[in-house]
1. Among the listed residues 141, 149, 131, identify the single one that is open to solvent by less than 50 Å² (accessible area, probe 1.4 Å) and assigned to a loop (DSSP other than H, G, I, E, B).
2. Could you list, in sequence order, all residues of the range 98-128 that are more than 12 Å from residue 163 (Cα to Cα), open to solvent by less than 30 Å² (accessible area, probe 1.4 Å) and not small (Gly, Ala, Ser)?
3. I'd like to check something: does the range 91-111 contain any residue that is closer than 22 Å to residue 15 by Cβ and touching a strand residue (DSSP E or B) at 6+ places or on another chain (Cβ under 7 Å)?
4. Whether any residue in the range 6-13 is outside the structural domain of residue 158 (by TED's automatic domain parsing), in contact (Cβ under 8 Å) with a residue 12 or more places away in the chain, among the aromatic types (Phe, Trp, Tyr) and open to solvent by 10 Å² or more (accessible area, probe 1.4 Å) is what I want to check.
5. Scan the range 230-241 for residues that are outside any strand (DSSP E or B) and either of a type in the set (Ser, Thr, Tyr) or under 24 Å from residue 125 (Cβ atoms) (or both) and report the count.
6. Could we say that residue 245 is touching a residue at least 12 places away in the same chain (Cβ under 8 Å), within 19 Å of residue 327 (Cβ to Cβ) and in contact with a Cys (Cβ under 6 Å, 6 or more places away or on another chain) here?
7. Can you give me the number of residues within the range 14-62 that are crowded, with 24+ Cβ neighbours inside 10 Å and either touching a Pro at 6+ places or on another chain (Cβ under 7 Å) or among the hydroxyl-bearing types (Ser, Thr, Tyr) (or both)?
8. Filter the range 70-97 down to the residues that are open to solvent by 30 Å² or more (accessible area, probe 1.4 Å) and polar (S, T, N, Q), then identify the one that is farthest from residue 277 (Cα to Cα).
Amino acid sequence: MKVRGKNYRAVWMEGRDVVVINQPLLPHRFELLRLKNHRATAHAIKTMIVRGAGTIGATAAYGMAQAFLEGVDLNRAYRTLLETRPTAADLKHALDRVRARANSAKEAVAEAEAIADEYVIRAERIAEVGLPLIKSGSRILTHCNAGWLALVDWGSAPAPIYLAHRRGRKVFVWVDETRPRNQGANLTSWEFLQEGIPHKIIADNAGGFYMQRGEVDLCIVGADRIAANGDVANKIGTYQKAVLARENGIPFYVAAPSSTIDLKCASGKNIPIEERDEDEVHFISGKTANGKPGRIRISPNKSKAGNPAFDVTPAKYITGIITEQGIIKPNDIRKRFGK
Ligand code: MRU
């Protein structure tokens, strides 16, 4: 995708460095960060400098390639990278692939490049597969950021929206702000501005209001892990939107590449849910009145907070899962992707 007229991916490799877009600085500053070794790459994933299921997978694959180049203990490096984020299935999928297929640093770099390229190819295919769902005039609600920052390029949920817009269809998107980290307000809105997609950021609590008033035609969200029974783990708050969509008769789609499917998880109950630091709830970051970045506390100093990063939407609320292989009914996941 283009930033100020230049094509970028969310992550790539240059020599021994992994280069990423520094996502917490967006939307106010666009800066690249060079990660010099696999430890720095693991740290960037853990602290969400890079985030989003597919981008996490590609970044981890590059991190594994760095470990090969550094000549360090590969099992240890694998564990360091794997332990960064527990929910995104793509992380393990990508690490396993590099470890299983590479016997040398050269092969590891090539495998990591292949993984990143495959995300892009799959995302382009998701755009084509999902395109018929977007009619001219469609008003779509999305949650969090499943765009190109989250999937190397194109994205999953927004990919059909980008394609519809490029083909001249009139689209409009309700962008959930997605507390506590605000990936919708900070990142999805920024991506949409680059592409010229008409949108409005709404408080997470406002989705039901617009659904009830008939101002949402469909919902499309991404996924971090899809269980064999079609249950979907995605950013916290997705479940509420799915239930509200059902209540209001609105189709609710999930878009994800097949690498996000984890058949070893029989149902959503088996998906590990990341609990993040409570300070993400207590503090909010942004640009202050003097134009400088700042962080303020919004809750009483003595209050505690809970901060689950994801929730599970049961398969029964999902109209279809848009994958690179077609739109699949959640109940057909095992049949379609099982060996
Ligand atoms: O915690 P994050 O920002 O890494 O969470 C991932 C997400 O942004 C979403 O849950 C998204 O919908 C799936 S990523 C393709």
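The values are calculated or read from the model by the stated rules, or taken from the named source; none is laboratory data. Note that the structure is predicted; figures quoted are calculated from it, not measured. All Cβ positions, even for glycine, are placed from backbone atoms using ideal geometry, and neighbour counts span all protein chains on display. The accessibility values were calculated without ligands, DNA or RNA, using every heavy atom of the protein model including side chains. Shrake-Rupley method; radii C 1.70, N 1.55, O 1.52, S 1.80 Å.
1. Going through 141, 149, 131 in turn, just one is open to solvent by less than 50 Å² (accessible area, probe 1.4 Å) and assigned to a loop (DSSP other than H, G, I, E, B): 149.
2. Hits for the range 98-128 are 98, 111, 115, 119, 120.
3. yes
4. yes
5. Matching residues across the range 230-241 total 4.
6. Considered against the rule, which asks whether it is touching a residue at least 12 places away in the same chain (Cβ under 8 Å), within 19 Å of residue 327 (Cβ to Cβ) and in contact with a Cys (Cβ under 6 Å, 6 or more places away or on another chain), residue 245 comes out as yes.
7. The number of residues fulfilling the criteria is 5.
8. Only one residue fits best here, namely 75.
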